[in-house]
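Here the structure comes first, spelled out in structure tokens, and everything after it is commentary.
The values are calculated or read from the model by the stated rules, or taken from the named source; none is laboratory data. All values derive from a computational prediction rather than experimental measurement. In this analysis, Cβ positions are derived from the backbone assuming ideal geometry, glycine residues included, and neighbour counts consider all displayed protein chains. What goes into the accessible areas is simple: the full protein's heavy atoms, side chains included, and nothing from ligands, DNA or RNA. Shrake-Rupley method; radii C 1.70, N 1.55, O 1.52, S 1.80 Å.
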Amino acid sequence: MRKLFLHPDAVLRRRAEPVDTIDSGIVSLVADMIQIMKEERGLGLAAPQVGASKRIFVTEGESEEGGDELIFINPKFILVDGLLESSEEGCLSLPDIRGTVRRQPHVIVEAQDLQGQSFTLEGSDLMARCWQHEMDHLDGILIIDRMSVIDRIVNRKRLRALESGGDQE
Ligand code: NI
């Protein structure tokens, strides 16, 4: 079973590699990602967060009961649209750190599913935000890169503790 990788692990800063073949290794990676996302109660999880530098992310679907998780392999935005909106985000790889991030509210993403079939999906508001957050992970970008200077100051103790590898404040 894979584990969650936390900032400042280098895997989180690498540009993830495209997936060529969806083999049993990829299928088991995706299963682990969904399990860890659920255990950690995240809205989404990207492969680098479990130590795999692959262009894959998973997110919760829109049903309250679950069971409709979305799997994106080799995702690309074909549209990112709308006026920037500010909202608070957190990240499983940055425990206890939250900050306001500006993102556009409407996206269309194209990706492959576990069978290798291409699909496109349109998302607004929270979904669009979540997908952009996860896509950032595939490019080695974290919310601490996008949050305001003020938010970085607010979070600096926690961030420093995380970066020095302990929980001491
Ligand atoms: Ni994240």
Original post:
Say we look at the stretch 140-150 and pick out the residues that are assigned to a helix (DSSP H, G or I) and away from the ligand (no atom under 15 Å from the Cβ); which of these is surrounded by the fewest Cβ atoms within 10 Å (Cβ to Cβ)?
Top reply: Val149
Original post:
Could you list, in sequence order, the residues of the stretch 36-58 that are over 18 Å from Gly140 (Cα atoms) and not small (Gly, Ala, Ser)?
Top reply: Ile36, Met37, Lys38, Glu39, Glu40, Arg41, Leu43
**OP:** Looking only at the stretch 128-169, count how many residues are under 18 Å from Leu84 (Cβ atoms), hydrophobic (A, V, I, L, M, F, W, C) and modelled with pLDDT of 95 or more.
**Re:** 7
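Quick grid of which residues meet (1) in contact with a helix residue (DSSP H, G or I) (Cβ under 9 Å, 6 or more places away or on another chain); (2) open to solvent by 50 Å² or more (accessible area, probe 1.4 Å):
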site	(1), (2)
Glu89	yes, no
Leu92	yes, no
Pro95	yes, no
Arg98	yes, yes
Pro105	yes, no
Ala111	no, no
**OP:** Please name all residue pairs, on different chains or six or more residues apart, with Cβ atoms under 8 Å, provided the first residue is in the stretch 12-38 and is more than 11 Å from Arg55 (Cβ to Cβ) and the second residue is part of a loop (DSSP other than H, G, I, E, B) and open to solvent by 90 Å² or more (accessible area, probe 1.4 Å).
**Re:** Ile22/Gln115; Asp32/Met1; Gln35/Met1; Ile36/Lys3
Original post:
Any idea how many residues of the stretch 128-139 are out of contact with any helix residue (DSSP H, G or I) (no Cβ under 9 Å at 6 or more places or on another chain) and more than 10 Å from the ligand (Cβ to nearest atom)?
Top reply: 6
Subject >> Subset of the stretch 153-169 [more than 16 Å from the ligand (Cβ to nearest atom) and surrounded by 14 or more Cβ atoms within 10 Å (Cβ to Cβ)] >> reply: Val154, Ala161
**OP:** Would you be able to tell me the number of residues in the stretch 27-51 that are of a type outside the set (Val, Ile, Thr), farther than 19 Å from Gln132 by Cα and open to solvent by less than 70 Å² (accessible area, probe 1.4 Å)?
**Re:** 5
**OP:** Looking only at the stretch 78-100, decide whether some residue is farther than 15 Å from Gly42 by Cα and in a helix (DSSP H, G or I).
**Re:** no
